[in-house]
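A.B. asks: Submitted below is the structure of interest, expressed as C-alpha cells.
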Amino acid sequence: MTVNKALENKPTDEEILASLGYKQEFKREFTPLEVFGVAFSIIGLVPSIASVLFYAIVYGGGPAMVWGWAVASVFILAVGVSLAELGSAAPTSGGLYFWTYSLSSPKWKAFLCWIVGYAYAVGSISAFSSIDWGCAVQIMAAATIGSGGTFEPTSAQT
C-alpha cells in the first residue's frame, strides 16, 4: 500500500518543470516527412548503396543485391521496432546514456555509460568517414568515365 501512495503523491513532469519556472514545451510528435528526413540523413542510404555496388555486382549480381536487401531489411525492421518500443516514452536527447544507465547493473553504470559515449563518438566518426570515402570513390569513377579513361586516380586523390 505504501508504494501506491508514494506513486500517487509523486509530482508529474509538468509540475516539476513548473516549480523550476519552465513550461513543458517538448513536442513528442513528428510528421512523416520529419521522420523520413531524420532517418534518411542518419543512415546515409545513397552513399552506402553506391559504395557496396562494386562487390555486389561482381560477386552476386542483381539477385544477390535484391535478396540481400530484402533479408537484411526484415532483420533491421525487427531491431527498429524493438528499439522504438523501448524508447517510445522517452525523449531522444541523451537516449543512449539514459537507457544504458537505466538498464545496466549499479556496479557498471558509470563505466558502461562512458563506453557508450566513446563508442557512439567513434561510430559517428567512422560513419561520416566511410560516407566521404564512398563519395570520393564515386567522384573519381565519374572523372575516369567522363574523361574517356585518360584520367587515372591515384591513392593520393582518393
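The values are calculated or read from the model by the stated rules, or taken from the named source; none is laboratory data. Treat the numbers as computed from the prediction; the structure is a model and nothing was measured. Ideal geometry is used to build each Cβ from the backbone, glycine not excepted, and the neighbour counts take in all protein chains shown. All accessible areas refer to the heavy atoms of the entire protein, side chains included, with ligands and DNA or RNA removed. Shrake-Rupley method; radii C 1.70, N 1.55, O 1.52, S 1.80 Å.
A.B. asks: Sort out which residues of the range 26-78 are at pLDDT 70 or above, under 30 Å from ASP13 (Cα atoms) and either assigned to a loop (DSSP other than H, G, I, E, B) or open to solvent by less than 100 Å² (accessible area, probe 1.4 Å) (or both), and write them in order of number.
C.D. replies: GLU29, PHE30, THR31, GLU34, VAL35, GLY37, VAL38, ALA39
A.B. asks: What is the number of the single condition among (1) surrounded by 10 or more Cβ atoms within 10 Å (Cβ to Cβ); (2) at pLDDT 85 or above; (3) assigned to a loop (DSSP other than H, G, I, E, B) that ILE115 does not meet?
C.D. replies: Going through the list (1) surrounded by 10 or more Cβ atoms within 10 Å (Cβ to Cβ); (2) at pLDDT 85 or above; (3) assigned to a loop (DSSP other than H, G, I, E, B), ILE115 breaks only (3).
A.B. asks: In the range 119-145, which residues are among the aromatic types (Phe, Trp, Tyr) and either touching a residue at least 40 places away in the same chain (Cβ under 8 Å) or open to solvent by less than 60 Å² (accessible area, probe 1.4 Å) (or both)?
C.D. replies: Within the range 119-145, the subset among the aromatic types (Phe, Trp, Tyr) is 120, 128, 133.
Once the filter is applied, which keeps residues that are among the aromatic types (Phe, Trp, Tyr) and either touching a residue at least 40 places away in the same chain (Cβ under 8 Å) or open to solvent by less than 60 Å² (accessible area, probe 1.4 Å) (or both), the range 119-145 yields only TRP133.
A.B. asks: Could you say which residue among SER88, SER105 is of a type in the set (Gly, Ala, Ser) and modelled with pLDDT under 80? Can you show your working first?
C.D. replies: On the way: SER105 fails: modelled with pLDDT under 80.
It is SER88.
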